[in-house]
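Presented below is the structure to which this report refers.
Each value in this text was obtained by applying a stated rule to the coordinates, not by laboratory testing. This is a predicted model, so every value here is computed, not measured. Heads up, the Cβs are rebuilt from the backbone with ideal geometry, glycines too, and the neighbour counts pull from every protein chain shown.
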């Protein structure tokens, strides 16, 4: 019997190259350069989050997009998610 696949609720699906945020799925560009540029623009826009339309929510989203291509960002994101999971388990 095959096990059902675990569906992601947050992150990037490596098979479909989609950014998953809960029930939202956003297609990422196929080009590595465009993904890096998109991540950088999101982070820069997040830094200007005090302005209308832009928001601080753009910084973590940009980091998630960058983590798809940049190993350093991916390691830091993974380290943060492991820390968060351990913290959540400790509080239960």
Most mobile of 29, 60, 52 in a GNM of the chain (Cα contacts under 10 Å): 52
Degrees between helix 58-67 axis and first principal axis of the chain (Cα, 0 to 90, nearest 10): 60 degrees
For segment 47-92: rounded, prolate or oblate by the Cα gyration tensor [a/c cutoff 1.5]: oblate
For q = 0.16, 0.17, 0.26, 0.35 Å⁻¹, Debye-computed log10 I/I(0) when each Cα of segment 12-54 counts as one equal scatterer: -0.53, -0.58, -0.94, -1.07
Candidates 41, 59, 82, ranked by Gaussian network fluctuation over the chain, Cα under 10 Å, top entry: 82
Computed label-point distance, nm, for sites residue 24 and residue 83 using a 7 Å Cα→Cβ extension: 2.5 nm
Answer label, with Cα extents along the principal axes in Å calculated from the coordinates and candidates (i) 57, 27, 16; (ii) 49, 35, 26; (iii) 53, 22, 15: (ii)
Helix 71-91 axis, angle to the chain major axis (alpha carbon atoms, nearest 10°): 60 degrees
Cα-based helix-to-principal-axis angle, 32-47 vs the chain, degrees rounded to 10: 70 degrees
Listed residues 54, 66, 42, most fluctuating in the chain (Gaussian network, C-alpha, under 10 Å): 54
